[in-house]
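Novice: This is the structure I have questions about; it appears just below.
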C-alpha cells in the first residue's frame with residue numbers, strides 16, 4: 001500500500017514578474033511566465049503527489065484558463081494535494097525534488113522553501129528534499145530561457161501505516 005509518483009514542470013522566464021520557488025520570492029532579473037505564480041518547484045511536487053494518488057495533473061484541478069486560478073499562490077495547489085491525500089486515506093511520507101536552472105543560485109533559499117512546502121503539505125521540513133543543478137549550458141535551460149523542476153512523492157495508505 002505504498003505508492004510513488006513523479007512530477008515535472010517547466011516555465012519560461014518573463015520580464016516584470018517575481019520569481020517564486022517553493023513559495024519564496026527569489027532575487028532575480030526575471031520571473032517565470034504562467035497563469036498562476038508559475039512556481040515550477042511546487043507544480044512538480046503537486047504533480048508527483050497527484051500521480052502517486054493515480055489522479056489527473058494539476059491542470060485538471062487548476063485549469064490554466066480559469067480566472068479564479070490567475071496568479072494563485074502555488075502553495076494553495078500543494079494544500080489541495082494534501083487534502084486529496086487525506087480524502088483518499090493516504091499519508092504523504094516524503095517528497096524529493098530537483099530544480100534545473102543556470103541562474104539564479106537557489107540553494108541559499110532551500111530552507112525557506114522546505115519550510116513553506118512542509119507547512120502546505122502538513123509534513124516536517126525533513127520530509128522535503130530540494131536539490132538544484134544546471135543544464136551545463138545545454139538546451140533552453142542552458143540558454144537561460146527558463147527553469148524546470150522534477151519531483152517524486154512517496155505516499156502510504158493510512159490503514160497500512162497504523163498496523
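Novice: Among the residues that make up region 10-26, is at least one of them part of a loop (DSSP other than H, G, I, E, B), touching a helix residue (DSSP H, G or I) at 6+ places or on another chain (Cβ under 9 Å), at positive phi and surrounded by 17 or more Cβ atoms within 10 Å (Cβ to Cβ)? Working first, answer last.
Specialist: Step one: filter region 10-26 for residues part of a loop (DSSP other than H, G, I, E, B), giving 15-18, 22-23.
Pick out the ones that are also touching a helix residue (DSSP H, G or I) at 6+ places or on another chain (Cβ under 9 Å) and you get 22-23.
Right, trim to at positive phi and you get 22-23.
Adding the requirement that they be surrounded by 17 or more Cβ atoms within 10 Å (Cβ to Cβ) leaves 22-23.
Yes, there is a match, as at least one residue in region 10-26 is part of a loop (DSSP other than H, G, I, E, B), touching a helix residue (DSSP H, G or I) at 6+ places or on another chain (Cβ under 9 Å), at positive phi and surrounded by 17 or more Cβ atoms within 10 Å (Cβ to Cβ).
Novice: Moving to a separate point now. Identify all residues within region 31-44 that are modelled with pLDDT of 95 or more and buried (at least 19 other Cβ atoms within 10 Å of the Cβ); write none if there are none.
Specialist: The initial filter retains those residues of region 31-44 that are modelled with pLDDT of 95 or more, namely 31-33, 37-44.
Matches in region 31-44: 31, 32, 37, 38, 39, 40, 41, 42, 43, 44.
Novice: Going by the structure shown, is residue 153 under 22 Å from residue 34 (Cβ atoms) and not in a strand (DSSP E or B)?
Specialist: Criteria not met by residue 153.
Novice: Look at residue 94 and say whether it is surrounded by 13 or more Cβ atoms within 10 Å (Cβ to Cβ) and either under 23 Å from residue 11 (Cβ atoms) or modelled with pLDDT under 95 (or both). Before you say what the answer is, go through the steps one by one.
Specialist: Numbers: surrounded by 13 or more Cβ atoms within 10 Å (Cβ to Cβ): yes; either under 23 Å from residue 11 (Cβ atoms) or modelled with pLDDT under 95 (or both): no.
So residue 94 fails the test.
Novice: Moving to a separate point now. Among (1) in a helix (DSSP H, G or I); (2) closer than 30 Å to residue 137 by Cα; (3) under 11 Å from the mean Cα position of the chain (by Cα), there is one condition residue 77 misses while meeting the rest; what is its number?
Specialist: Against the list (1) in a helix (DSSP H, G or I); (2) closer than 30 Å to residue 137 by Cα; (3) under 11 Å from the mean Cα position of the chain (by Cα), residue 77 comes up short only on (2).
Novice: Any chance region 45-56 includes a residue that's in contact (Cβ under 8 Å) with a residue 12 or more places away in the chain and surrounded by fewer than 16 Cβ atoms within 10 Å (Cβ to Cβ)? Spell out the reasoning first.
Specialist: Taking region 45-56 first, the residues in contact (Cβ under 8 Å) with a residue 12 or more places away in the chain are 45-55.
Subsequent filtering for residues that are surrounded by fewer than 16 Cβ atoms within 10 Å (Cβ to Cβ) retains 54.
For region 45-56, residues in contact (Cβ under 8 Å) with a residue 12 or more places away in the chain and surrounded by fewer than 16 Cβ atoms within 10 Å (Cβ to Cβ): present.
Novice: Mind telling me which of the residues 156, 132 ends up being farther than 19 Å from residue 74 by Cβ, touching a strand residue (DSSP E or B) at 6+ places or on another chain (Cβ under 6 Å) and modelled with pLDDT of 95 or more?
Specialist: Exactly one of 156, 132 is farther than 19 Å from residue 74 by Cβ, touching a strand residue (DSSP E or B) at 6+ places or on another chain (Cβ under 6 Å) and modelled with pLDDT of 95 or more, namely 156.
The values are calculated or read from the model by the stated rules, or taken from the named source; none is laboratory data. The shown structure was predicted, so the numbers you read here are calculated from the model rather than taken from an experiment. Positions of Cβ are generated from backbone atoms using ideal geometry, with glycine treated the same way; all protein chains shown enter the neighbour counts.
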